[in-house]
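Report on the following structure.
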Number of protein chains: 2
Amino acid sequence: MSGVFLAKHWLRDPSELQRDTFHATPFLGNPRAIEKCVRYIERDLNRTFTAKFLNSKDSNIESYEVQRTWEVNQIFGPKSSSQAYDFMFDLHNSTSNMGTCLIVDSEHSLLPMHLCNYIQKHYTRSPCPIYLYQLPEEEACGINSVAKAGLALELGPQPQGVVRADLLVQMRSVMACALDFIDLFNKGMLFPPFEIDAHKAVEHIDYPRYPDGEISAVIHPNLQDKDFLPLKPGDPIFQTVNGEDILYQGDDTTYPAFINEAAYYEKKVAFVKTEKLTFSFPALQKKL
Amino acid sequence: MSGVFLAKHWLRDPSELQRDTFHATPFLGNPRAIEKCVRYIERDLNRTFTAKFLNSKDSNIESYEVQRTWEVNQIFGPKSSSQAYDFMFDLHNSTSNMGTCLIVDSEHSLLPMHLCNYIQKHYTRSPCPIYLYQLPEEEACGINSVAKAGLALELGPQPQGVVRADLLVQMRSVMACALDFIDLFNKGMLFPPFEIDAHKAVEHIDYPRYPDGEISAVIHPNLQDKDFLPLKPGDPIFQTVNGEDILYQGDDTTYPAFINEAAYYEKKVAFVKTEKLTFSFPALQKKL
């Protein structure tokens, strides 16, 4: 609940969000879900910002979250239009040991990648791994895809329904740093070219299951909390209820993310395999 | 989800629950809530096993959980009757750092207190603090109050909606130890008198709130994860969004439990003040 708690605070007092060159508007993505302290009421809002849901008025797909998608798109978008907001931050927590993770759709998003580089250089209290979430051929479906550019923060581990003071302070500090970057960008600062490591999602891995669909093994204790650390072929990934180890069968070292994320059990994702890649980016300067 | 995962396993294969002298029946307390991965559908099942709900057929209070209360009471009770099951275990997890906590209604429950003593002596992989949950004048309202005696396990920290292998192994080992005790008791073993420390609930402490009811401060980083450790007058307990510390104003040292438990935000419980007391118990032997 770090993001929910911060957004509610900013709705009372948005002063710390403002800078010389812009006005920022805090809002709650899914107010009804927040009231019930669940991720969503009928369908996952953060998978609904796709053409299918944005463009259809088909009453068969109508649900609270689809209506909310239309509202958010109307206020902050429309998605992919010139009227859309310039930038949107989406503040998340994970039960996984994601640290202070910065999530961008892909390496093709130049402004967000410069922002990640700036955060890594200026927010030095903890490492800030970068996660590129889009799988090949996948459409951007998250709430911040409504704006022209966006960044999601994914801080963990924190249980659902809980605010931990340490993660709250972290999230607030990273947001302050990110807003400073946007202010500097607006003021015409030149951000030089750079190289950076990022973890690119490759494949979602499900839990082992019984024929009836129930989970038959849990994340192996050796893998638990080891997000973004190398996982080699032959390393244990699951442990069955009878104590047997299930080993990673891949050909290459991978860097798992979202290990044992509560919200992903229903999505059949025990963890996400990522590749650790180094990317080069050109300089960035706003034309004033 | 450690308890849910174990119970589902035992429903497939209950063999490890059986001993020479008894038959144990695994069951899921709240199947619909488990399906939706929430604590409850309409009201907290584990606060519903009171005379008010058990004895009334008033349709005004009818809900899924009240119906389930009647079912559980019919199968394993009736509560306070001679037909009731002899013992019921209730397997819980907490987002708080409760360790391997053993929960009994009060120090007046001799058999469960002997069981706690046995577990503390035989399950030595981690400390097993004892928590006596009943406040003065409070009626036992939990699911295991249906049986003649009961014990709840409260293992944490674990996020809601997650199974961690380490806590799963812990819970299973404590259950094996507890079932061994009941088997020995049934066989007529003499359990000698003993003294034991336990934490007795004294008062539920709410979060500081704005006039509109929203939380205005979170658990202080110095208090987070410090369940069952001494909290002295003047120690910080909350931190406001503006960074101010709110100090503990009590007259005496207390030992907080359930610090920052996700399920207790809605119950307006930031933590529970407990007294650490030493109790003496007489010997116990079943008449054969």
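The values are calculated or read from the model by the stated rules, or taken from the named source; none is laboratory data. In this text the structure is predicted, and so the values were computed from the model without any measurement. Reconstructed Cβ throughout: ideal geometry from the backbone, glycine too, with neighbour counts over all protein chains shown. SASA here: full protein model, heavy atoms, side chains in, ligands and nucleic acids out. Shrake-Rupley method; radii C 1.70, N 1.55, O 1.52, S 1.80 Å.
In table form, for the structure just shown:
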{"quantity": "Paramagnetic label zone (point 7 Å from Cα along Cα-to-C-beta, A:His204; backbone N under 19 Å) in the range A:245-278", "calculated": "A:255-275"}
{"quantity": "Neighbour cut-off at most 15 other Cβ (10 Å), DSSP loop, GluC sites (Glu not before Pro), the range B:169-245", "calculated": "B:Glu214, B:Glu244"}
{"quantity": "Over the protein assembly as shown, volume per residue of the alpha carbon convex hull, in Å³", "calculated": "175"}
{"quantity": "Selection from B:Ile237, A:Ile41, B:Met98 lying farthest towards where the dipole of the protein assembly as shown points positive, charges on Cβ", "calculated": "A:Ile41"}
{"quantity": "Cα-centre dipole for the protein assembly as shown with unit charges at Cβ (Lys and Arg positive, Asp and Glu negative), debye to 20", "calculated": "240"}
{"quantity": "Potential lengthening between B:Lys267 and B:Lys286 on full extension [0.36 nm per residue; Cα-Cα distance subtracted]", "calculated": "2.9 nm"}
{"quantity": "Degrees separating the helix A:64-76 axis from the principal Cα axis of chain A, which is the longest one", "calculated": "30"}
{"quantity": "Alpha-carbon centroids, the range B:149-171 and the range A:37-110: separation in whole Å", "calculated": "34"}
{"quantity": "P(r), alpha carbons of the range B:123-219 - 5 Å bins starting at zero, rounded %", "calculated": "2, 8, 12, 17, 20, 18, 11, 6, 3, 2, 1, 0"}
{"quantity": "Label spacing, shortest first and in nm, from A:Asp166 to its equivalents in the remaining copies (7 angstrom along Cα→Cβ)", "calculated": "1.3"}
{"quantity": "Anchor B:Lys232: lysines whose Cα lies under 28 Å away (excluding residues fewer than 8 positions away in-chain)", "calculated": "B:Lys200, B:Lys267, B:Lys268, B:Lys273, B:Lys276"}
{"quantity": "Using a 7 Å Cα-to-Cβ projection, A:Glu71 label spacings across copies, nm, ascending", "calculated": "3.5"}
{"quantity": "Amide H contacts of B:Asp86 (H built 1.01 Å from N, under 5 Å, at least 5 apart or other chain)", "calculated": "B:Lys148"}
{"quantity": "Inter-site label distance for B:Asp197 and A:Lys121 at 7 Å from Cα along Cβ, in nm", "calculated": "5.3"}
{"quantity": "Using θ = phi - 60° and Karplus 6.51 cos²θ - 1.76 cosθ + 1.60, couplings along the range B:245-258 (whole Hz; Gly, Pro as x)", "calculated": "8, 10, 9, 6, 9, x, 8, 10, 4, 10, 10, x, 10, 6"}
{"quantity": "The range B:2-197: radius of gyration over Cα atoms, expressed as a fraction of 2.2 N^0.38 Å", "calculated": "1.01"}
{"quantity": "The range A:214-276-the range B:268-285 distance, computed between alpha-carbon centres (Å)", "calculated": "40"}
{"quantity": "Exposure of B:Leu247 as accessible area (Å², to 10), given a probe of 1.4 Å and all protein chains", "calculated": "80"}
{"quantity": "Charge dipole (the protein assembly as shown, unit charges on Cβ, about Cα centre) - positive-most of A:Tyr265, B:Val72, A:Ser109", "calculated": "B:Val72"}
{"quantity": "Computed magnitude of the charge dipole of chain B (debye, nearest 20; Cβ of K, R +1, Cβ of D, E -1)", "calculated": "940"}
{"quantity": "Residue-averaged 222 nm ellipticity for chain A, from DSSP H runs of 4+ at -39500 (n - 2.57), nearest 500", "calculated": "-7500 deg cm²/dmol"}
{"quantity": "The range A:39-139 - charge dipole about Cα centre, Lys and Arg +1 at Cβ, Asp and Glu -1, debye rounded to 20", "calculated": "320"}
{"quantity": "Separation in nanometres of the label points that stand 7 Å from Cα toward Cβ, at A:Leu247 and A:Ser15", "calculated": "6.1"}
{"quantity": "Antiparallel DSSP beta bridges within the protein assembly as shown, as percent of all bridges there, nearest 5", "calculated": "70"}
{"quantity": "Copies compared at A:Asn55 - label distances in nm, ascending, label defined 7 Å from Cα in the Cβ direction", "calculated": "6.5"}
{"quantity": "Qualifying GluC sites (Glu not before Pro) in the range B:7-102, DSSP loop, other Cβ atoms within 10 Å at most 10", "calculated": "none"}
{"quantity": "Antiparallel %, DSSP beta bridges [both residues in chain B], to 5", "calculated": "70"}
{"quantity": "Per the axis that maps chain A onto chain B, nearest residue of A (Cβ criterion) and its distance in Å", "calculated": "A:Pro159, 2"}
{"quantity": "At 0.890 mPa s and 25 °C, Stokes diffusion of the range A:1-48 via Kirkwood alpha-carbon radius, µm² per second", "calculated": "203"}
{"quantity": "Orientation-averaged projected area, Cα convex hull of the range A:1-114 (nm²)", "calculated": "8.8"}
